[in-house]
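The next block holds one structure in the form of structure tokens; read it before the comments.
Bear in mind these aren't lab numbers, they're just calculated from the coordinates by the rules spelled out. Keep in mind the model is a prediction, meaning the values are calculated, not measured. Note that each Cβ is placed from the backbone with ideal geometry, even for glycine, and that neighbours are counted across all protein chains shown.
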There are 2 protein chains.
Amino acid sequence: MIQQPASKPYHHGDLESALLVAALDLIAKGGLDALSLRAAARLVGVSHAAVYRHFPKKEHLVARIAQEGFIRLAAAMEMAAAQVAPDAVARMVATGLAYVDFAQAHPHHLRLMFGAPLGRPGDFPDMERAGQAARAVLDTRVDELREAGVFATQDPEVVAMAAWGQAHGLAMLLISGQLRSGANLRDLAEKALTLAWLRDPLVPR
Amino acid sequence: MIQQPASKPYHHGDLESALLVAALDLIAKGGLDALSLRAAARLVGVSHAAVYRHFPKKEHLVARIAQEGFIRLAAAMEMAAAQVAPDAVARMVATGLAYVDFAQAHPHHLRLMFGAPLGRPGDFPDMERAGQAARAVLDTRVDELREAGVFATQDPEVVAMAAWGQAHGLAMLLISGQLRSGANLRDLAEKALTLAWLRDPLVPR
DNA sequence: ACCTGAACACCGTTCAAGT
DNA sequence: ACCTGAACACCGTTCAAGT
């Protein structure tokens, strides 16, 4: 058990982590508009100026939130694939469905992760690495498909692009408000993912 | 020729359209963060309070901008398909590519269109209609594929979902900053779109 | 090294008042 | 009917000053 200090100390201890947690809470409850440095500072119980010791600009906190999102998205995709039989198509569909489920569970977080590019390339290397790690999960699925003979004659980079585009597009659409909400969207997304990777034998080509 | 009034009148005349144009300009030049009612009013040359005669909340201006975006996206997709041979797959690929081109030309506008849902369903019917019209263009492509025997045995709703997801995902990814910018992304997107609709004969299913 | 309070230039939104 | 100016409660950011 970690001992809580009896009296509030002048220094917070782990202000950076506390601000991240507060920011995730603000986004989850109020969307991206509710994210402000001042509100996060208020939640943590520190003056708004203290934030600038850890995040020199709001952009830096946003990058940290995005990084955390990519870490969680990658973990969710890996866990989903691990719980599925070794069939390559089933694993790809499960991974894409995990992407869709992440979107429905954390719509604002996902939108933040894929919003306008932050800074210039290289400005937030930790975030970029986390993003690449998430992409790598899908790349592994593409490799597995290839070994199973699916799209084996195609450029792997193109297949990876199609895979990421498919999963990302379905995920973003489901949280966009552009779909009539009557249908079972998760089920529809799963069928669309299956369609994308299950080849149709009736095509005249 | 439309005559400009010699002296600035007290009433603007077409303030709503002028604010829309100003807002599109703000977004194109400075991204979504640069969009504010006050800046738009400033561009048009009117007090910031005047905006509220036409848009009771910022949300209403955003909805108008999104509506305009869907109208332009639908037009771009229709134009692209019209310039392509009657082959159903080629028309679908051209339509998806028009989606991708729209994203690269107007990244902030597209992000606004697919951001957090605005209000409750029914709050902005004009925007919803414009969104449905854009989707209808892709639905027409799915119908054409069906007539050509492509995915003819599948649920059209599922095929449409896969089509929209594919085009939307590629478009959003290209403007997300998550892709290494070294590659020719438009070319990669075109190949991914082709892959999605050109059935691979080597699949063991 | 880390935090605070006050300050500045921005927002969205409201409202009494003007034309 | 439409627009203005002042006001309010918020922002992000800076900075001298405190511990």
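Net charge within 14 Å of A:Asp33 by Cβ-Cβ distance, Lys/Arg positive one each and Asp/Glu negative one each, not counting A:Asp33 itself?
Neighbour charge sum, excluding A:Asp33 itself: +4.
Please give the average number of partner chain Cβ atoms lying within 10 Å of the Cβ of each residue in A:147-157, rounded to a whole number.
4
How crowded by other chains is B:107-116, given as the mean number of beta carbons from other chains within 10 Å of each beta carbon?
Mean inter-chain Cβ contacts per residue within 10 Å come to 3.
As an exercise, use a Förster radius of 30 Å and the Cβ-Cβ distance of B:Ala152 and A:Asp187 to find the FRET efficiency, rounded to the nearest 0.05.
Efficiency, from the Cβ-Cβ distance: 0.90.
For B:Asp33 and A:Arg38, what is the calculated FRET efficiency with R₀ set at 22 Å and r taken between the beta-carbons, to the nearest 0.05?
0.85
Taking region A:75-180, which trypsin sites (Lys or Arg not before Pro) meet the DSSP loop condition and have no more than 16 other C-beta atoms within 10 Å?
Here the trypsin sites (Lys or Arg not before Pro) that fit, given the DSSP loop and packing criteria, are A:Arg180.
Under a plain spin-label model, where a point goes 7 Å from the Cα along Cα-to-Cβ, how far apart in nm are B:Gln104 and A:Arg180?
3.5
Before rounding to the nearest 500, sum -39500 (n - 2.57) across all DSSP H runs of length at least 4 in the protein assembly as shown and divide by the residue total; then give [θ] at 222 nm in deg cm²/dmol.
The helix contribution divided over the protein assembly as shown gives -21000 deg cm²/dmol.
On alpha carbon coordinates alone, what is the Rg over Rh value for chain A, Rh being the Kirkwood radius?
1.06
Taking just the alpha carbons, could you work out the radius of gyration and Dmax for the protein assembly as shown, both in angstroms?
Every Cα atom of the protein assembly as shown included, Rg and Dmax give 23.2, 79 Å.
Between rounded, prolate and oblate, where does region B:83-138 land on the alpha carbon gyration tensor, with a ≥ b ≥ c its root eigenvalues, rounded for a/c under 1.5, else prolate if a/b exceeds b/c?
Oblate, because a/c is 1.5 or more while a/b does not exceed b/c.
Quick one: net charge around A:Leu97, please, counting Lys, Arg +1 and Asp, Glu -1 for every other residue with C-beta under 9 Å from its C-beta.
Neighbourhood net charge equals -1.
Could you calculate the FRET efficiency of A:Met79 with A:Asp14 from 1/(1 + (r/R0)^6), where r is the beta carbon distance between them and R0 is 25 Å, rounded to 0.05?
Calculated value: 0.40.
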